[in-house]
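Computed from the coordinates by the stated procedures, all read-outs in this text should not be read as laboratory data. Since this is a predicted model, take the numbers as computed values, not measurements. Reconstructed Cβ throughout: ideal geometry from the backbone, glycine too, with neighbour counts over all protein chains shown.
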Amino acid sequence: MNVNEIIEKKHLSKYRIAKNSGIPYMTLNDICNGKTRLEKCGADTVYKLAKELDVTMEELLEPIMLMRPAFDLFKSNVCHRLKELGDMNFLIDTIDKDEITKYYNRAWYPESLYLLAMVDYICRVNNVPLCDAYSELRKAKLKDTIYPSSIIAAAAVSNNSCIKEQAIEESIPEFIRFNIVESDVRNVN
């Protein structure tokens, strides 16, 4: 969670946080408004803020330190994990860790929906009931269709938009429902 989310969740006042921590109100306000980046603040400021919010410095800085991989790399990692764990262990692991919600809360919507599509696909091919926890999220859809980079490159090189249309037709239903073109999650090396 970022600073604003922690403040809202704990029903705290920025004024009270500033007064209790010794951090100038304007500095705290600038951190909350994004004018001052938390990672650019001194360790003493981060420490005081973490202490006042009753979280660790690591928890406070975690959203900043997360590196978002390219989407194709993310998909590849998910497919490799599926291959390594097998369908049921992947399903259990993903749901237990609630990674779908974690990505969604970071506003990493393609990653969240890709994982949800994978979970739903695994449920379908193994005749397992869908996880009810994601019923609302299943109503979501990405604004723009995401194609694999290989499809984008092939369409650009051949100057043929039919390649994209064919990829959509061949896409796994659970993925295309979210505007993600994916046709093969099993063929990984």
* To do: Quick one: net charge around I6, please, counting Lys, Arg +1 and Asp, Glu -1 for every other residue with C-beta under 12 Å from its C-beta.
  => -3
* Euclidean distance of C-alpha centroids, the range 79-137 and the range 8-56, integer Å -> 35 Å
* Could you tell me which of the pairs K9/K139; K14/K35; K102/K141 are separated by over 20 angstrom between their Cα atoms in the structure shown? => K9/K139
* Can you list the HN-Hα couplings for the range 142-158, worked out from phi with the Karplus curve (6.51, -1.76, 1.60; θ = phi - 60°), rounded to whole Hz and with x for Gly and Pro? -> 5, 4, 10, 6, 9, 9, x, 4, 5, 5, 4, 5, 4, 5, 5, 5, 8
* Check I180: other-chain or 5+ apart residues with amide H under 5 Å from its amide H, H built from backbone geometry? -> I146
* **Overall Cα dimensions of the range 1-98 - principal axes, largest extent first, Å** => 53, 24, 19
* Cα-only Debye scattering, the range 71-176: base-10 log of I(q)/I(0) at q = 0.09 Å⁻¹ -> -0.25
* To do: Rounded to whole Hz and in sequence order, give me ³J(HN,Hα) for the range 103-114 from the Karplus expression 6.51 cos²θ - 1.76 cosθ + 1.60, θ = phi - 60°, writing x for Gly and Pro.
  => 5, 4, 5, 7, 6, 8, 5, x, 5, 4, 6, 5
